[in-house]
Amino acid sequence: PRLRCYTRALAERGIPCSVQEDEDFFSAMEVAVVYALLQILDNPRQDVPLISVLRSPLMGFTADRLAMIRGKHPAGGFYDAVEASGDADCQAFLGLMGELRSLAKDLSVQRLMWLLYNRLNILGVFGAMPNGERRRENLIALFDHAWAFEAAGYRGLFPFVTHLRRLLEEGEQPDTVSGTAAAGVRVMSIHRSKGLEFPVVILADLAKD
């Protein structure tokens, strides 16, 4: 209710605003999928991120298809089951993974992520879904975070994946504001504002009954 009051009051006065969502940045599907993809490019023998990528709109494996793959090859990790399958979809996925993992050895994280976005049409796939504009902004924010990570002197896919895991475990997240939103008012909780700097801050609250 408070959030609606704030945004409505600003809109009535023609003041652009953006809202820091309650949903965690990393729980957004598009971010979770790209994070999982980076994890398995670093180490494909991780069942949870591997299945997340396979089930995602990028790969399109259904739950029934994944169950069939596992059912035929129940021993070992799920990557072993995919490798043991001679079916065309599994072979195509393994070929793609081999290509991307080979390229990842020589690319900066920023260039690797942009390659993934283009090679897999990630911005197009998630941008065509409901709330597509917001999803694209999240993906660009993650890419920008990779740029900032390397601009700070860090290098390599494993350090970046480790960095993202630390943010996730500590409940932190990259700043996701778009250029348009930055020109207006940002509405967020005190917790979400941690570590950010603004020239003007309004600590607002509604009168309680």
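Residue 29 contributes about 70 Å² of solvent-accessible surface, heavy atoms of the protein only, 1.4 Å probe. Taking amide H as placed 1.01 Å from N in the peptide plane, residue 186 has its amide H under 5 Å from the amide H of 18, each at least 5 places away in sequence or on another chain. Computed over the range 90-132, the range of Cα coordinates on each principal axis works out to 33, 27, 10 Å, biggest value leading. Ordered by residue, what ³J(HN,Hα) values in Hz, to whole numbers, does the range 53-59 give under the Karplus form 6.51 cos²θ - 1.76 cosθ + 1.60, where θ = phi - 60° and Gly and Pro are x? Karplus values, whole Hz, x for Gly and Pro: 5, 4, 6, 6, x, 6, 10.
Based on C-alpha pairs under 8 angstrom that are at least 6 apart in sequence, the range 54-176 has a relative contact order of 19 percent. Heavy-atom surface analysis with a 1.4 Å probe gives the range 23-163 a carbon and sulfur content of 55 percent of its accessible area.
The values are calculated or read from the model by the stated rules, or taken from the named source; none is laboratory data. Please read all numbers here as calculations on a predicted model, not as lab measurements. SASA here: full protein model, heavy atoms, side chains in, ligands and nucleic acids out. Shrake-Rupley method; radii C 1.70, N 1.55, O 1.52, S 1.80 Å.
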